[in-house]
Amino acid sequence: MDKTKEDHVDRILAQWRRERPELDVEPMGILGRLKRLTTHIGREVDEVLLKHGLSSSAFDVLATLRRSGAPYRLSPGELLDMTMVSSGTMTNRIDQLEKAGFVERMLNPEDRRSVLIALTGKGFATVEEAVGAHVANQHRLTRNLTAEDKAEFDRLLKKFLSDFE
């Protein structure tokens, strides 16, 4: 039996059930909790990344380049495919990262008409340090879940997400 105490969402649902008893507000509870959880997690993640001089969006690009493997460079199109932003947003992110010295644009050796976005030494060192702290933070944020809880939560989220992707 789950002994989780009443939360903010429970109070909202109780109000709706009192005011509009004919409505099935169960999905409101699930989505409301996901939204609140996203807000809380976002703050916690941002706090850790800021200690490394990065925003979440900057980290997203640098981490994408890093996990792509050596030589840590991708085309702007490949970066777009691996993130969930528009091309204009990606161009702005790349511009800002280039100004900060984290990435550089280079001619594509296989097609001189296109460019690749590559991690610089500074970008590599920064993302290496930040990703270690980020993963440690993720473990901290999920510490109250058992291994079984994590597996079940991941399975349910994957199932839910599949409707959108």
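The values are calculated or read from the model by the stated rules, or taken from the named source; none is laboratory data. Note that the coordinates shown come from a computational prediction; the quantities given were computed from them, not determined experimentally. Don't worry about glycine lacking a Cβ; one is built from the backbone with ideal geometry, like all the others, and counts go over all protein chains shown. Only protein heavy atoms, including side chains, enter the accessible area calculation; ligands, DNA and RNA are left aside. Shrake-Rupley method; radii C 1.70, N 1.55, O 1.52, S 1.80 Å.
In table form, for the structure just shown:
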| read-out | value |
| --- | --- |
| Once the Cα gyration tensor of the chain is diagonalised, semi-axes √(5λ) in Å | 39, 19, 15 |
| Accessible area (Å², per residue) of the range 6-160, counting only protein heavy atoms and a probe of 1.4 Å | 67 |
| Computed helical MRE - 222 nm, the chain, DSSP H runs ≥ 4 contributing -39500 (n - 2.57), nearest 500 | -21000 deg cm²/dmol |
| Sites Gln96 and Ile30 - FRET efficiency at Förster radius 35 Å, r taken between beta-carbons, to 0.05 | 0.45 |
| Whole-percent carbon and sulfur share, accessible surface of the chain, 1.4 Å | 55 |
| Cβ charges +1 (Lys, Arg) and -1 (Asp, Glu), total dipole of the chain, debye | 320 |
| Normalised contact order of the chain, rounded percent, pairs of Cα under 8 Å and 6 or more residues apart | 18 |
| Cα-based Lys pair tally, the chain, threshold under 28 Å, eight or more apart or on separate chains | 18 |
| Separation of the Glu129 and Leu145 label points, Cα + 7 Å toward Cβ, nm | 3.0 |
| The range 25-133: trypsin sites (Lys or Arg not before Pro) in DSSP coil with no more than 15 other Cβ atoms inside 10 Å | Lys51 |
| FRET efficiency for Ser114 and Val45, using Cβ-Cβ distance with R0 set to 41 Å, rounded to 0.05 | 0.80 |
